[in-house]
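Written below as structure tokens is the structure these notes are about.
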Amino acid sequence: MAEVPIVLKDLPVDVRGFICLGSDYEPIIVINSRLPREQQLLTYDHELLHLRRGEMYNENYHEYGGV
């Protein structure tokens, strides 16, 4: 899998990160910039796993509660 772009953004404290599609319809991982660096890396790995599993393309998949 190709490297997925990351965007660091101030998010609510209960949101660690998520995946969205960019203007070119390629996935982008958005990570809460308020998290410590170690948690940002764990969140990136977590979101990347969702991509590998194809979950972001499954309209019935929803995750709540974070990592």
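Restricting attention to the range 28-49, which residues are under 12 Å from Ile6 (Cβ atoms) and within 9 Å of the chain's Cα centre (by Cα)?
Step one: list which residues in the range 28-49 are under 12 Å from Ile6 (Cβ atoms), which gives 28-33, 40-41, 43-45, 47-48.
The answer is Ile28, Ile29, Val30, Ile31, Thr43, Tyr44, Asp45, Glu47, Leu48.
Just give me the residues in the range 14-43 being surrounded by fewer than 16 Cβ atoms within 10 Å (Cβ to Cβ) and among the charged types (D, E, K, R), in sequence order.
Matches in the range 14-43: Asp14, Asp24, Glu26, Arg34, Arg37, Glu38.
Provide a single number: the residues in the range 11-38 that are touching a residue at least 24 places away in the same chain (Cβ under 8 Å), under 25 Å from Gly54 (Cβ atoms) and not in a strand (DSSP E or B).
2
Where a number appears in this text, it was derived from the coordinates with a stated rule and is not lab data. Because the structure is a prediction, the values reported are computed rather than measured. So basically every Cβ, Gly included, is an ideal-geometry build from the backbone, and we count neighbours across all protein chains shown.
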